[in-house]
Amino acid sequence: MYAIVEIAGQQFKVEAGMEIFVNRLPEEKGASLVLDKVLLVDADGAVKVGAPYVDGAVVKATVLDDTCRGKKLIVFKKKRRKGYQKQTGHRQDLTKIQINEIA
C-alpha cells in the first residue's frame, strides 16, 4: 500500500515505515503530523485518485529530526572576458519524518 502526498508544496510517494526528508516544517522533534493532502492511494491494486485530494484519506507521520541540512550545492557565476567569477554554496534546511500509517 502506498500513497502520493503533498508536503510543503512537493509531492512524495510514501509507504508505511518510510523515512523521508522534506522541506523545513515548523513542528518540533517528536511531534506527530496528520497529512491530509493525499493525491492518490493504492491499496493492493485498488487505486483511488483525488480531484484534487482523496476524501477521508490521511497519512500519519512523526518528526524524527528538525535540524537536518541537505547536500551542498555549488553556485558558480562567470561573465566571459570580463574577469568576473563568483562561487557560493547553499545547503537547504530539511526535516526528517517517518511515515507511520496510511488510513
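Based on this model, can you work out whether E101 counts as assigned to a strand (DSSP E or B), touching a residue at least 40 places away in the same chain (Cβ under 8 Å) and either open to solvent by 80 Å² or more (accessible area, probe 1.4 Å) or among the acidic types (D, E) (or both)? It is true that E101 is assigned to a strand (DSSP E or B), touching a residue at least 40 places away in the same chain (Cβ under 8 Å) and either open to solvent by 80 Å² or more (accessible area, probe 1.4 Å) or among the acidic types (D, E) (or both). Scanning the stretch 54-72 for residues that are surrounded by 15 or more Cβ atoms within 10 Å (Cβ to Cβ) and outside any strand (DSSP E or B) returns V54, A57, V58. Against the conditions (1) touching a residue at least 24 places away in the same chain (Cβ under 8 Å); (2) open to solvent by 50 Å² or more (accessible area, probe 1.4 Å); (3) not in a loop (DSSP other than H, G, I, E, B), V75 satisfies every one except (1).
The set of residues from the stretch 9-48 being open to solvent by 60 Å² or more (accessible area, probe 1.4 Å), without any contact (Cβ under 8 Å) to a residue 24 or more places away in the chain and either under 9 Å from the mean Cα position of the chain (by Cα) or closer than 17 Å to Q98 by Cβ (or both) comprises G9, Q10, K13.
The listed residues are Q92, Q87, and the only one of them that is open to solvent by 100 Å² or more (accessible area, probe 1.4 Å) and of a type in the set (S, T, N, Q) turns out to be Q87.
Taken as a whole, the stretch 66-78 holds at least one residue that is of a type in the set (D, E, K, R), farther than 25 Å from L25 by Cα and more than 18 Å from the chain's Cα centre (by Cα).
The values are calculated or read from the model by the stated rules, or taken from the named source; none is laboratory data. Every value quoted in this text rests on a predicted model; they were computed, and no experiment measured them. Neighbour counts are summed over all protein chains in view; Cβ atoms, including those assigned to glycine, are modelled from backbone coordinates with ideal geometry. Accessible surface areas use protein heavy atoms only, side chains included; no ligands, DNA or RNA. Shrake-Rupley method; radii C 1.70, N 1.55, O 1.52, S 1.80 Å.
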